[in-house]
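First comes the structure, then the notes that go with it.
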Amino acid sequence: MNKQHLNIGLFGFGNVGRGLYELLQNVPEANADIVRVCVRNVARHSAATPALNFTSSMEEVLDDPAVNIVVELIDDAEAAYRIVTGALRRRLPVVTGNKKMLARHLPELIHIQKETGTALLYDASACGSIPVIRNLEEYYDNDLQISVKGILNGSSNFILSKIFNDGMPHAEALRLARELGFLESDPTLDLDGWDSLYKLVILTLHAFGVYVDPEKIFTYGITHMTDADILFAREKGRRFKLIGHAEKTPDGRLILAVMPQLISKNKFIYSCEDEFNGVVIKGLFYGKQFLVGRGAGGHPTSSAVLSDISSIRYNYFYRYKRMQSGELPRFTNDISFRVYVRYNTDEDLDLLQFEEISERYYSEDTRYVIGRVNLRRLHAIRHLLSERKIFIAAYPND
């Protein structure tokens, strides 16, 4: 396909879809054009961008003989699944940014790719403009992987940066993030950690060769963080960051979690601010590598989309090398670690079943404990933690 002009069938014309269109107007060497766009509201988009050919029919795009590549950029995971599988079965290469769809259907999608010999690329699905997936596939594939962790959601990081750096109230930081177009249409995807979770599932597959169902991974966000928690972090000289963490233990277990962490100043991601993502990749021999870049916004993400489009021109596809590399690590939630917990009643504390408590604070305004809990227990009571508005964060020793 490397000499062929790329005629894009585009699904979705939100921030990223529009960003891709604007990018293509300024990069003629991409040798690609959007020939048909599928959206819900044809009249509105046609009036705003009359140069494009809009339709509300998925089949009109997929069956258009002029279309030779499909780019899917919608926020409906089930519709995205139908679009992507429909395109692949028609042997149309696909670029997608839908991390929820990928996280839930990756094994099947990998099978369809192999069955049809058709590429599915999705660097834009994880960490915006940072080529994390490509690096895990091509550069870090020959070392013994130890961990992949970091700030995987630029929107929540933007909000936390405004709170810690500018003293901005939580509600005002949330409003500003929404105005700037950083938040998903459903903000709980960002604030409760689900967006980070889906990205973590994808990165884990490429880093360790293991697919883990998102439902099995403990996920907790920053929705219930209060001024008392922020004060605690400042007193300790730390900051809260919402972290996705995948780590292989020396005995071959694989631990995954998404939750706030109290990050100390000596860590790379302590100074990763605003809508930036920061990912630390650690291998046995190459040590730690820190990748940072914009993780939210239409243009940074559309740049990653265009990179995938260009790669398809040269017949690039993911090889999933780690999935074929000998004995794979075994996923488990059976691990204990130190946490900070701000709670409301003694019943809340009983719920967590602490293995040990090293620090306890109690006043009329707030109460918290620091101690060790089991990740399996946290996963089992995740909904109760949220219902009771308990805030919990991992508290590493260093």
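The values are calculated or read from the model by the stated rules, or taken from the named source; none is laboratory data. A quick note: this is a predicted structure, and the numbers were derived from the prediction, not measured. All Cβ positions, even for glycine, are placed from backbone atoms using ideal geometry, and neighbour counts span all protein chains on display.
When you look at E275, is it more than 30 Å from S125 (Cα to Cα) and modelled with pLDDT under 90, yes or no?
Criteria not met by E275.
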Residue within segment 308-324 that is at pLDDT 95 or above, polar (S, T, N, Q) and not assigned by TED's automatic domain parsing to the domain that holds A30 present: no
Subset tally (residues that are over 17 Å from the mean Cα position of the chain (by Cα) and either surrounded by fewer than 18 Cβ atoms within 10 Å (Cβ to Cβ) or not in a helix (DSSP H, G or I) (or both)) for segment 224-254: 21
Hits in segment 43-53 - residues which are part of a helix (DSSP H, G or I) and surrounded by 15 or more Cβ atoms within 10 Å (Cβ to Cβ): H45, S46
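Hey, any hits in segment 64-72 for a residue that's on the phi < 0 side of the Ramachandran plot and in contact with a His (Cβ under 8 Å, 6 or more places away or on another chain)? Walk me through it before giving the result.
The first filter runs over segment 64-72 and keeps only residues on the phi < 0 side of the Ramachandran plot, leaving 64-72.
Imposing the further condition that a residue be in contact with a His (Cβ under 8 Å, 6 or more places away or on another chain) reduces the set to none.
Within segment 64-72 (the criterion being on the phi < 0 side of the Ramachandran plot and in contact with a His (Cβ under 8 Å, 6 or more places away or on another chain)), the answer is no, since none of the residues qualifies.
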Subset of segment 255-275 [closer than 16 Å to L160 by Cβ and assigned to a loop (DSSP other than H, G, I, E, B)]: S264, K265, K267, C272, E273, D274, E275
Selection within segment 14-37 - touching a residue at least 40 places away in the same chain (Cβ under 8 Å) and not in a helix (DSSP H, G or I): G14, V27, N31, A32
Selected residue (only one of N266, N277 is in the same structural domain as D166 (by TED's automatic domain parsing) and crowded, with 20+ Cβ neighbours inside 10 Å): N277
Strands (runs of 3 or more DSSP E) wholly inside segment 66-168 containing at least 1 residues that are of a type in the set (S, T, N, Q), more than 20 Å from T219 (Cβ to Cβ) and in contact with a strand residue (DSSP E or B) (Cβ under 7 Å, 6 or more places away or on another chain): 94-96, 145-151
Residue within segment 293-303 that is in a loop (DSSP other than H, G, I, E, B) and among the polar types (S, T, N, Q) present: no
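Does S307 satisfy being more than 16 Å from the chain's Cα centre (by Cα) and more than 16 Å from G150 (Cβ to Cβ)? Before you say what the answer is, go through the steps one by one.
On the way: more than 16 Å from the chain's Cα centre (by Cα): yes; more than 16 Å from G150 (Cβ to Cβ): yes.
Judged against the criteria, S307 is a match.
Can you confirm whether K199 is at pLDDT 90 or above, in the same structural domain as Y340 (by TED's automatic domain parsing) and over 14 Å from the mean Cα position of the chain (by Cα)?
Values: at pLDDT 90 or above: yes; in the same structural domain as Y340 (by TED's automatic domain parsing): yes; over 14 Å from the mean Cα position of the chain (by Cα): no.
The answer is no for K199.
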Of all residues in segment 225-259 being in contact with a Pro (Cβ under 8 Å, 6 or more places away or on another chain) and among the charged types (D, E, K, R), the one that is nearest to E275 (Cα to Cα): K241
Failed condition for F158, given (1) among the aromatic types (F, W, Y); (2) without any contact (Cβ under 8 Å) to a residue 40 or more places away in the chain; (3) buried (at least 18 other Cβ atoms within 10 Å of the Cβ): (2)
Where a residue in segment 71-83 is closer than 22 Å to N7 by Cα and its partner, wherever it lies, is part of a loop (DSSP other than H, G, I, E, B) and small (G, A, S), with Cβ under 8 Å and at least six apart: E72/G12; E72/G97; L73/G12; L73/G14; L73/G97; I74/G12; I74/G14
Residues being within 20 Å of Y340 (Cβ to Cβ), out of contact with any helix residue (DSSP H, G or I) (no Cβ under 6 Å at 6 or more places or on another chain) and among the aromatic types (F, W, Y) - total across segment 228-286: 2
Subset of segment 294-342 [on the phi > 0 side of the Ramachandran plot and either buried (at least 16 other Cβ atoms within 10 Å of the Cβ) or not polar (S, T, N, Q) (or both)]: G297, Y320, G326
Condition check for K199: touching a Leu at 6+ places or on another chain (Cβ under 9 Å) and crowded, with 20+ Cβ neighbours inside 10 Å: yes
